[in-house]
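The values are calculated or read from the model by the stated rules, or taken from the named source; none is laboratory data. Computed from a predicted model, the values in this text were never measured in an experiment. All Cβ positions, glycine included, derive from the backbone under ideal geometry; neighbour counts span all protein chains shown.
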Amino acid sequence: MDEALILARVQFGLNIGFHILFPAITIGLAWLIVVFRLRYQRTRDPAWLATYRLWVKVFALSFAMGVVTGVVMSFQFGTNWPGFMNTVGNIAGPLLAYEVLTAFFLEATFLGVMLFGMNRVPDWVHVMSAVIVAIGTTVSAFWILALNSWMQTPAGQVEAGEELIAGSWLEVIFNPSFPYRLTHMLLASGITAAFLVAGLSAWRLLKDSADAAALKTLRFGAALAAVLVPLQIVAGDLHGLNTLEHQPAKIAAVEALWQTERGAPLVLFALIREDRQGNEHVLSIPKGASLILTHQLDGEVKGLAEFGSDVPPVAPVFWAFRVMVGMGVLMLFLSWTSVFLLKKPLPPRWLLWSFAGFTFSGWVATLAGWLVTEIGRQPWLVTGILYTEDAAGAASGAQLGASLTAYVLTYAVLLISYVVVITHLAAKGAR
């Protein structure tokens with residue numbers, strides 16, 4: 001693999017990885033804000049009004065960060081991957097346009113009403129503006145996940161010379177992996193938002209244990225996480241079975257399974273030796289992979305040798321999956337433990353520190369899952385249709401290296417600034 005291709009992939013991966021941090025918050029947080037606004041509308045409790053005003057600021061900042069990085073990502077389709085749009089632009093272009101037309105403008109318009117309209121419009125209009133923004137974030141996820149899922153498991157396309165067009169838009173949109181990916185992402189965003197709310201609320205309570213609004217949102221975020229994490233585990237299992245059916249090479253990389261086996265073990269940890277096509281220092285559960293993937297102890301799971309050279313890098317997929325699952329287990333433990341401990345008038349400080357430490361845990365799990373999804377698709381950009389190397393642009397390694405450096409520095413500053421601002425807002429509390 002040449003240097004320019006590697007740098008193009010790293011640059012685009014950095015951009016989309018940074019971008020996904022913010023939709024991962026806003027999709028779920030928008031619906032939480034609706035709940036906060038409705039609770040104020042019903043109770044007229046000033047604490048819920050202050051809570052709403054705090055979190056709508058966090059949402060607006062997150063939304064703005066997502067917009068900025070999303071625009072840059074759109075440009076990179078042309079600069080880094082012109083072959084992608086040249087080949088499948090007739091499918092990708094309309095899906096991206098639908099996202100802008102049906103979701104982005106909706107969110108941007110009514111977000112202004114949410115921020116500045118409380119004392120300028122009737123209550124029902126203000127409440128509906130929050131609902132419409134939440135719907136907009138979900139619709140946005142729908143279209144983006146439709147495109148990404150089609151790239152993973154393409155369906156409904158037909159050839160028109162050297163290009164592809166949609167033979168059936170219903171098949172393109174509702175491709176085999178789309179329902180699972182959409183569900184998985186919506187739950188991931190809900191969990192990310194729940195831990196963000198709980199974590200920043202815990203941070204506030206460490207500063208002022210008498211803050212009633214922070215205690216309410218801590219309990220709310222923790223209870224929501226306790227419900228959503230188990231649902232995500234079920235959705236993840238179903239998603240894995242769908243991936244086994246349609247992208248078996250990705251599953252083989254996730255399991256670091258080099259040869260087809262019956263009764264394949266579940267490898268917990270191993271030193272991956274891709275040069276030798278094997279694993280060393282393995283800790284595994286006998287027959288575990290077959291049981292999980294086929295629901296049979298002696299079920300057959302295909303190994304990487306079955307797919308020739310069309311296999312993804314094993315080590316990053318293997319470890320990213322384990323980071324995602326490991327973080328999910330820790331989230332489950334913390335959220336379920338907190339259900340009992342948060343019934344006390346004053347939560348123990350170790351629990352507050354734990355939630356504060358898990359404020360951005362949803363980001364860790366989401367990024368790890370994204371790495372599994374995107375690296376696991378390699379060497380394909382569109383599975384079975386377009387190789388990544390065939391879509392790369394003409395930019396040189398030097399050009400890509402310089403722009404990558406600029407991206408890294410810019411995004412580092414933006415991320416630090418974002419975290420500082422929202423933690424500062426949380427430390428002041430809902431007012």
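Worth pointing out:
- Failed item, numbered, when His184 is tested on (1) assigned to a helix (DSSP H, G or I); (2) without any contact (Cβ under 8 Å) to a residue 24 or more places away in the chain: (2)
- Filtering Asn15, Asn90, Asn86 for residues that are more than 24 Å from the chain's Cα centre (by Cα) and within 20 Å of Leu145 (Cβ to Cβ) leaves a single hit, Asn90.
- Meets criteria (out of contact with any Leu (no Cβ under 7 Å at 6 or more places or on another chain), aliphatic (A, V, I, L, M) and crowded, with 18+ Cβ neighbours inside 10 Å) for Val125: no
- Any hit, the stretch 252-269, residues being crowded, with 19+ Cβ neighbours inside 10 Å, of a type in the set (Gly, Ala, Ser) and in contact with a Phe, Trp or Tyr (Cβ under 7 Å, 6 or more places away or on another chain): yes
- With respect to the conditions (1) in contact with a Leu (Cβ under 6 Å, 6 or more places away or on another chain); (2) more than 29 Å from Ala188 (Cα to Cα); (3) buried (at least 18 other Cβ atoms within 10 Å of the Cβ), Leu352 falls short on a single one, namely (2).
- Taking the stretch 184-232 as the range and being more than 20 Å from His424 (Cβ to Cβ) and among the aromatic types (Phe, Trp, Tyr) as the test, only Phe220 passes.
- Restricting attention to the stretch 291-300, the residues being closer than 15 Å to Ala256 by Cβ and in contact with a strand residue (DSSP E or B) (Cβ under 6 Å, 6 or more places away or on another chain) number 1.
Residue by residue, here is whether (1) part of a helix (DSSP H, G or I); (2) under 20 Å from Ala97 (Cα atoms); (3) not acidic (Asp, Glu) holds:
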site	(1), (2), (3)
Ser149	yes, yes, yes
Val172	yes, yes, yes
Asn175	no, yes, yes
Pro179	yes, no, yes
Phe195	yes, no, yes
Leu200	yes, no, yes
Gln232	yes, no, yes
Leu238	yes, no, yes
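- Comparison of Ala141, Ala146, Ala160 shows that the only residue that is surrounded by fewer than 18 Cβ atoms within 10 Å (Cβ to Cβ), aliphatic (A, V, I, L, M), under 26 Å from Leu381 (Cα atoms) and in contact (Cβ under 8 Å) with a residue 24 or more places away in the chain is Ala160.
- Residue that is closer than 27 Å to Gly13 by Cα and of a type in the set (Gly, Ala, Ser), where the choices are Ser354, Ser309: Ser309
- Condition check for Val323: part of a helix (DSSP H, G or I), touching a residue at least 12 places away in the same chain (Cβ under 8 Å), of a type outside the set (Asp, Glu) and surrounded by fewer than 21 Cβ atoms within 10 Å (Cβ to Cβ): yes
- Flag for Leu32 being modelled with pLDDT of 85 or more and surrounded by fewer than 17 Cβ atoms within 10 Å (Cβ to Cβ): no
- Residue satisfying all of: in the stretch 17-74; part of a helix (DSSP H, G or I) and of a type in the set (D, E, K, R); farthest from Val372 (Cα to Cα) among these: Arg42
- When the stretch 74-86 is filtered for residues that are touching a residue at least 40 places away in the same chain (Cβ under 8 Å) and either touching a Lys or Arg at 6+ places or on another chain (Cβ under 9 Å) or under 20 Å from Thr138 (Cα atoms) (or both), only Asn80 remains.
- Condition met for Ala50 (closer than 30 Å to Ala394 by Cα, surrounded by 18 or more Cβ atoms within 10 Å (Cβ to Cβ) and in contact (Cβ under 8 Å) with a residue 24 or more places away in the chain): no
- Yes/no for Val282 being under 29 Å from the mean Cα position of the chain (by Cα) and either part of a loop (DSSP other than H, G, I, E, B) or free of Cβ contacts under 8 Å to residues at least 40 places away in the same chain (or both): no
- One residue from Leu231, Leu271, Leu291, Leu224 being more than 28 Å from Trp380 (Cα to Cα) and more than 26 Å from the chain's Cα centre (by Cα): Leu291
Okay, residues lined up against (1) farther than 27 Å from Ile191 by Cβ; (2) β-branched (Val, Ile, Thr); (3) in contact with a His (Cβ under 7 Å, 6 or more places away or on another chain); (4) at pLDDT 85 or above:
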position	(1), (2), (3), (4)
Gly369	no, no, no, yes
Thr373	no, yes, no, yes
Pro379	yes, no, no, yes
Gly393	yes, no, no, no
Gly397	yes, no, no, no
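- Residue list for the stretch 370-422, filter: among the polar types (S, T, N, Q), over 19 Å from Leu5 (Cβ atoms) and in contact (Cβ under 8 Å) with a residue 24 or more places away in the chain: Thr373
- Leu297 surrounded by fewer than 16 Cβ atoms within 10 Å (Cβ to Cβ) and either among the β-branched types (Val, Ile, Thr) or touching a residue at least 12 places away in the same chain (Cβ under 8 Å) (or both): yes
- The selection criterion, being in contact (Cβ under 8 Å) with a residue 24 or more places away in the chain and at negative phi, holds for Val133.
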